[in-house]
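Presented below is the structure to which this report refers.
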Amino acid sequence: MKLKYTILYVENVAETLAFYERAFGLTRGMLHPSGDYGELATGETTLSFSSRSLMRSLGKDPAAPDPARPTFEIAFETTDVDAAYARAVEAGATASQPPRREEWGQVTSYVKDPDGYLVEICSPVPAQP
């Protein structure tokens, strides 16, 4: 078994895809003609988005994320955290934690996307002795 995709429930799928393309340089995999579902190519898995209205029509009641109390995060790894963080904020992400070096040697930073999801932008974790 393998992880195929993660789906985040958002208000506007097309706008969310465009944000992730601008902010993180991801490539659009697809946007359904209805506009209610879309995917970003991220390697072997996809980061996918479904409109909250579609989920409600399917009998589900998705909650919006609470930026003050996140329950999970999306993480993107890069060798230039400073530049990636600046790009994300310039593209409309809300700054949450500027880049900082952690005690284990990794550089981490956090932003929130326009729907309120927490996104980590980090360097690779250095090899431990």
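Could you look through segment 16-34, keep only residues that are over 13 Å from the mean Cα position of the chain (by Cα) and surrounded by 15 or more Cβ atoms within 10 Å (Cβ to Cβ), and pick out the one that is farthest from Lys60 (Cα to Cα)?
Gly29
Restricting to segment 28-48, count the residues that are more than 15 Å from Val10 (Cβ to Cβ) and at pLDDT 95 or above.
If we filter segment 28-48 for residues that are more than 15 Å from Val10 (Cβ to Cβ), which is where we start, we get 29-30, 33, 41-45.
From what's left, at pLDDT 95 or above: 29-30, 33.
Number satisfying all stated conditions: 3.
Here is a list of conditions, (1) of a type in the set (Gly, Ala, Ser); (2) crowded, with 19+ Cβ neighbours inside 10 Å; (3) under 16 Å from Gly116 (Cβ atoms), and Ser48 meets all of them except one; can you say which number that is?
Evaluating Ser48 over (1) of a type in the set (Gly, Ala, Ser); (2) crowded, with 19+ Cβ neighbours inside 10 Å; (3) under 16 Å from Gly116 (Cβ atoms) leaves (3) as the failure.
What tally of residues in segment 68-89 results from selecting those that are in contact (Cβ under 8 Å) with a residue 40 or more places away in the chain and not β-branched (Val, Ile, Thr)?
The first filter runs over segment 68-89 and keeps only residues in contact (Cβ under 8 Å) with a residue 40 or more places away in the chain, leaving 70, 72-79, 81, 84, 87-88.
Filter once more, so that each one left must be not β-branched (Val, Ile, Thr): 70, 72-73, 75-77, 84, 87-88.
Here the count works out to 9.
Take Pro98 and decide whether it is closer than 21 Å to Glu11 by Cα, surrounded by 12 or more Cβ atoms within 10 Å (Cβ to Cβ) and either polar (S, T, N, Q) or not assigned by TED's automatic domain parsing to the domain that holds Tyr9 (or both).
In short, no.
With the structure loaded, tell me whether Thr6 is at pLDDT below 95, surrounded by 15 or more Cβ atoms within 10 Å (Cβ to Cβ) and in contact with a Leu (Cβ under 9 Å, 6 or more places away or on another chain) or whether it fails that test. Don't jump to the end; show me each part of the working.
Details: at pLDDT below 95: yes; surrounded by 15 or more Cβ atoms within 10 Å (Cβ to Cβ): no; in contact with a Leu (Cβ under 9 Å, 6 or more places away or on another chain): yes.
No: the conditions fail for Thr6.
When the residues of segment 115-129 are narrowed to those that are surrounded by fewer than 17 Cβ atoms within 10 Å (Cβ to Cβ) and not small (Gly, Ala, Ser), which ends up farthest from Phe24 (Cα to Cα)? Walk me through how you get there before you give the answer.
First, the residues of segment 115-129 that are surrounded by fewer than 17 Cβ atoms within 10 Å (Cβ to Cβ): 116, 120, 124-129.
Imposing the further condition that a residue be not small (Gly, Ala, Ser) reduces the set to 120, 124-126, 128-129.
Working: Glu120: 11, Pro124: 16, Val125: 19, Pro126: 22, Gln128: 28, Pro129: 31 Å.
Ranking the candidates gives Pro129 first.
Only residues that are touching a residue at least 40 places away in the same chain (Cβ under 8 Å), of a type outside the set (Phe, Trp, Tyr) and either farther than 22 Å from Glu90 by Cα or not in a strand (DSSP E or B) (or both): list them for segment 9-21, please. Break it down into steps so the answer makes sense when it comes.
Residues of segment 9-21 that are touching a residue at least 40 places away in the same chain (Cβ under 8 Å), as a first pass: 9-11, 15-16, 19-20.
Now drop any that are not of a type outside the set (Phe, Trp, Tyr), which leaves 10-11, 15-16.
Matches in segment 9-21: Glu11, Glu15, Thr16.
Based on this model, can you work out whether Arg52 counts as in contact (Cβ under 8 Å) with a residue 12 or more places away in the chain, in contact with a strand residue (DSSP E or B) (Cβ under 6 Å, 6 or more places away or on another chain) and basic (Lys, Arg)? Show your work before the answer.
On the way: in contact (Cβ under 8 Å) with a residue 12 or more places away in the chain: yes; in contact with a strand residue (DSSP E or B) (Cβ under 6 Å, 6 or more places away or on another chain): yes; basic (Lys, Arg): yes.
Here the answer is yes, as Arg52 does meet what is asked.
The values are calculated or read from the model by the stated rules, or taken from the named source; none is laboratory data. Because the structure is a prediction, the values reported are computed rather than measured. Every residue, glycine among them, receives a Cβ derived from its backbone with ideal geometry; neighbour counts consider all protein chains shown.
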